[in-house]
Amino acid sequence: MIVTIDGPAGAGKSSVARKLAQALGYTYLDTGAMYRAVAWMALRQNIALSDAETLAELARTLPIRFGPLSPDGIQQVWIGEGDDAEEVTNAIRTPEVSQAASIISTHSPVRKALVKRQRQMALAAENGVVLEGRDTGTVVVPEAELKIFLTASPQERARRRAAELRAQGLEVSEEAMLKEQEERDVRDSQRTDSPLRRAPDAILLNTDGLDLDAVVQQILRLHEERC
Ligand code: C5P
């Protein structure tokens, strides 16, 4: 079974998708982490964020490896191979990388390269898979059996993301978060290639005022109905 969870930044996708994958024993695929990994490397190598072709080559070739989910639901992300591999789990979550990821994700060649890799990874999963992102139900695996579109009010989303970053030791204000989030929302939903959209067959869940377990339980019920 393929489950997709799409929605804007801070809607709770990561926490919900991870918990759901754990509960179902499915593979978890964070597609946003792949855009972030490419953006992180582009910043490090001083590649212009407007250079679509060089960025696409990076998107095609950059070794990105996901570690297993830890019991507390954190997934390690590694870039590179062998002894040169570097853990970037926290480094790819900074506001600077968030903005850069949102910018590079507007380039069609970059999207094409990452969508191809994501689709291959999803179809290779032996059990089931939970994909999380912006276009997983519309573009990456449109044949998914269960599609969820998660949303929440901008204030609630900014509050959650600020708290998440603070837990990682990064000091950010909610106002700054709200501003950065608005810019990303506009860019993500107005880009011409695969803008953030709810798939016609996706179930809309607003997570305002709902705790994580309540959302996961709701999706588990929907999953059971489709089995
Ligand atoms: O989900 P996350 O906030 O980690 O994603 C970072 C950025 O990557 C998003 O703002 C979006 O621009 C881009 N992205 C995308 N398509 C996806 C996942 C993420 O364009 N499937």
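Sub-7 Å Cβ pairs linking a first residue in region 182-200 that is touching a residue at least 24 places away in the same chain (Cβ under 8 Å) and closer than 20 Å to Ser108 by Cβ to a second residue that is in a helix (DSSP H, G or I) and more than 11 Å from the ligand (Cβ to nearest atom), at least 6 apart or interchain, are Asp193/Ser108, ordered by first then second residue. Checking each residue in region 163-196 for being hydroxyl-bearing (Ser, Thr, Tyr) and out of contact with any Pro (no Cβ under 9 Å at 6 or more places or on another chain) picks out Ser173, Thr192, Ser194. Would you confirm, using the coordinates I've provided, whether Leu205 is buried (at least 17 other Cβ atoms within 10 Å of the Cβ) and within 13 Å of the ligand (Cβ to nearest atom)? Here the answer is no, as Leu205 does not meet what is asked.
Take the residues in region 143-179 that are among the β-branched types (Val, Ile, Thr) and in contact with a strand residue (DSSP E or B) (Cβ under 7 Å, 6 or more places away or on another chain); name whichever of them is least open to solvent (accessible area, probe 1.4 Å). Across region 143-179, the extreme among qualifying residues is Ile148.
Condition first: surrounded by fewer than 16 Cβ atoms within 10 Å (Cβ to Cβ), over 30 Å from Glu57 (Cα atoms) and within 16 Å of the ligand (Cβ to nearest atom). Can you find one or more residues in region 180-202 that meet it? Within region 180-202, not a single residue is surrounded by fewer than 16 Cβ atoms within 10 Å (Cβ to Cβ), over 30 Å from Glu57 (Cα atoms) and within 16 Å of the ligand (Cβ to nearest atom). Taking region 1-109 and the helices (runs of 4 or more DSSP H) fully enclosed by it, the elements with 3 or more residues that are under 28 Å from Thr192 (Cα atoms) and within 12 Å of the ligand (Cβ to nearest atom) are at 13-24, 31-44, 95-104. Just to verify a result, which residue in region 124-141, among those that are within 13 Å of the ligand (Cβ to nearest atom) and open to solvent by 20 Å² or more (accessible area, probe 1.4 Å), is nearest to the chain's Cα centre (by Cα)? Among residues in region 124-141 that are within 13 Å of the ligand (Cβ to nearest atom) and open to solvent by 20 Å² or more (accessible area, probe 1.4 Å), the one nearest to the chain's Cα centre (by Cα) is Arg134. Once region 15-44 is narrowed to residues that are among the small types (Gly, Ala, Ser) and crowded, with 24+ Cβ neighbours inside 10 Å, the residue that is farthest from Asp135 (Cα to Cα) is Ala42. If you go through region 67-85 and keep only what is modelled with pLDDT under 95 and either crowded, with 17+ Cβ neighbours inside 10 Å or in contact with a Gly (Cβ under 8 Å, 6 or more places away or on another chain) (or both), you end up with Gln75, Gln76.
The values are calculated or read from the model by the stated rules, or taken from the named source; none is laboratory data. What you see is a predicted model, and the numbers here were worked out from it, not measured in a lab. FYI the Cβ positions are ideal-geometry reconstructions off the backbone, even for glycines, and counts take in every protein chain you see. For accessibility, only protein heavy atoms count, side chains too; no ligands or nucleic acids. Shrake-Rupley method; radii C 1.70, N 1.55, O 1.52, S 1.80 Å.
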